[in-house]
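Q: Okay, handing you the structure first.
The values are calculated or read from the model by the stated rules, or taken from the named source; none is laboratory data. Because the structure is predicted, anything quoted here is derived from the model rather than measured. Backbone-built Cβ (ideal geometry, glycine too); neighbour counts: all protein chains shown. The accessibility values were calculated without ligands, DNA or RNA, using every heavy atom of the protein model including side chains. Shrake-Rupley method; radii C 1.70, N 1.55, O 1.52, S 1.80 Å.
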Amino acid sequence: MPDLGKARIAVMSVLFCNGVIYASWGTHVPTIKDKFSLSEANLSLSMLAVALGGILIMAWAGRWIAKVGSARASVNSGVLMALAAFGILLMPQYTLLLFWLALYGAMSAVNDVAANSQAAVIEATFERPVIGSLHGAFSLGGMFGALVSSGWQAMQWPNQWHLAAVCTLCAVLTLSTARWLLPEPAAAASEDGGVHGAQPLAPAVRRKLVVLGCLAFLALIVEGAMYDWTAVYMRDVALASGGFVSAGYAAFSIGMATGRFTGDPVRARFSEGALVVASCALCIAGLGLALLLPAVPTALAGFLVCGLGVANIIPVMFSSAGRIALANGVSPSTGLAITTRLAYVGLLVGPVIVGFVAHRSDLRTALALSLLGVVAIAVASRRVFAFDGPAVPQPSRV
């Protein structure tokens, strides 16, 4: 008999490690900028390398995860992601760094799709909304990673040893909880990513998944910008110093973790549509505060509220994609691969767009423009999500 508690702990461990490593890389963006004397535009190329690695591998990732199962894929990709992140600050040349960042981006994307596929399996098995708390572990990892990075830099210890310690601990944690992950039903793990003997996804179903991916793309532009640009914003715009440079990322991650750990009870009581609209409003209010009043206290408060708002948009969309796939007889990784392929263009390319806009104008303007996508999500949500009842793990009304 599967154990819900242990299964949740295992997936939370995978996503926690993904968040820790992503935060650790994100807080070292200023380090890389200074090491190679990069402009904002050139710095954006390093973020583009991460983006390209993730985007190029996404189509293959869905098929591979469906073939080997989300449990095995979560563990294998988690260890490879840690190994890739370990070498980022060791690269002696900028060109080699770009290649290595692409490798890290690929492993991070595969790990994320695998973990979300496992989350869909858990929701389907136990018929309870749990994906918010699982994503909360990613945000908690981001908060933990940012705080560790802040303390490490305050102690002026070598940056290279920071990533070495973080990646080693994450690999050990992933391996130690791997046995609690749930196997997918045998029929769902066919080599072509579908169920043995089942029909391919109908065009209407694929369109639903694409719509979810487009909306998730807009949400992840903001989320990706927060991950990669808060440290630069705190240092160059809010004029923070020392450990406060990483505090903006930590504040955003605290908001994300709080919103996601409390999101599942909200989904169980209110409609997904109402949750998405309220989340968009908080995101706009929080980031607006940080941009209009760029002092350290107001920037931290704004990033905190922004994280609280962004928190549940992606869990709702990914949960819907996994349910749609399962309802149509295929592995959740198949549906998630379609949705996340579009979504992670936002997460990975969003910081690049922000960087190029910041290079031509300024960082505050670039971050403000990213909020236009959040407005679009709020407007579109009435046609995409249900507003007439609580969210339950059943096929989506997209």
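Q: Could you tell me the relative contact order of the range 23-156? Use alpha-carbon pairs under 8 Å, at least six residues apart, and round to a whole percent.
A: 34 percent
Q: Name the cysteines of the chain that stand alone by the Cβ rule: no other cysteine Cβ under 4.7 angstrom.
A: CYS167, CYS214, CYS280, CYS283, CYS306
Q: Under the definition of Cα pairs under 8 Å and six or more residues apart, what whole-number percent is the relative contact order of the chain? Display every interim value, and only then the final one.
A: On the way: 792 pairs, mean separation 104.1, N = 398.
That works out to 26 percent.
Q: Where a Cα-Cα gap under 27 Å defines reach, which lysines qualify for LYS6, not counting those fewer than 8 residues away within the same chain?
A: In chain and number order, the partners are LYS67.
Q: Whenever you get a sec, compute what percent of the accessible area on the range 9-85 sits on carbon and sulfur atoms (1.4 Å probe).
A: Carbon with sulfur: 66 percent of the solvent-accessible area.
Q: Please build a GNM for the chain, connecting alpha carbons under 10 Å apart, and tell me which residue among SER139, SER271, SER39 fluctuates the most.
A: SER39
Q: Hey, how much of the P(r) for the range 1-52 falls beyond 16 Å, as a percent of Cα pairs?
A: Of all Cα-Cα pairs in the range 1-52, 57 percent lie more than 16 Å apart.
Q: What is the projected area of the convex hull of the Cα atoms of the range 248-398, averaged over all directions, in nm²?
A: Average of the hull's projected areas for the range 248-398 equals 9.0 nm².
Q: Which percent of Cα-Cα pairs in the chain sits in each 20 Å bin, short to long?
A: 31, 60, 9, 0
Q: Additional query: Using a Gaussian network for the chain with springs between C-alpha atoms less than 10 Å apart, which of these wobbles most: MET91, MET107, MET12?
A: Fluctuation is largest for MET91.
Q: Tell me, what % of the accessible area of the range 296-343 is carbon and sulfur with a 1.4 angstrom probe?
A: Working: 710 of 950 Å².
Here carbon and sulfur together make up 75 percent of the probe-accessible area.
Q: Something else about it: Would you kindly calculate the translational diffusion coefficient of the range 1-153, applying Stokes-Einstein with the Kirkwood radius from alpha carbon pairs, for 10 °C and a viscosity of 1.306 mPa s, and quote it in µm² s⁻¹ without decimals?
A: Translational diffusion coefficient: 98 µm²/s.
Q: At 1.4 Å probe size, with every protein chain present, just tell me what the per residue accessible area of the chain comes to in Å².
A: Each residue of the chain exposes 38 Å² on average to a 1.4 Å probe.
Q: Before anything else, pin down the relative contact order of the range 265-344: Cα pairs under 8 Å, at least 6 apart, normalised by residue count, whole percent.
A: Reported relative contact order: 24 percent.
Q: Multiply the residue gap between GLN160 and LEU293 by 0.36 nm, knock off their C-alpha separation, and tell me the result in nm, one decimal place.
A: Length gained, GLN160 through LEU293: 44.4 nm.
Q: Would you list which aspartates and glutamates come within 19 Å of LYS208, measuring only between C-alpha atoms, while excluding same-chain residues fewer than 8 positions from it?
A: Answer for LYS208, where 19 Å is the Cα cut-off: GLU272, listed by chain and number.
Q: Using just the helices of the chain, give the 222 nm mean residue ellipticity in deg cm²/dmol: DSSP H runs with n ≥ 4 each add -39,500 (n - 2.57), and the total is spread over all residues, rounded to 500. Walk me through the numbers on the way to the answer.
A: Numbers: 15 runs with 309 residues, N = 398.
Value at 222 nm, helices only, nearest 500: -27000 deg cm²/dmol.
Q: Additional query: What Kirkwood radius, in Å to one decimal, follows from the Cα pairs of the range 64-191? Write down the numbers at each step before the final one.
A: Details: mean 1/r = 0.0622 Å⁻¹.
Evaluated on the range 64-191, it is 16.1 Å.
Q: Return, ordered by residue number, the residues of the range 293-337 whose backbone nitrogen is under 16 Å from a label point located 7 Å along Cα→Cβ of ASP362.
A: Of the residues in the range 293-337, 293-296, 299 have backbone N under 16 Å from the label point off ASP362.
Q: Another question, if that's okay. Given a 1.4 angstrom probe, I'd like the percentage of the accessible area of the range 121-280 that is carbon and sulfur, rounded to a whole number.
A: On the way: 4460 of 6630 Å².
On the range 121-280, the fraction of accessible area on carbon and sulfur atoms equals 67 percent.
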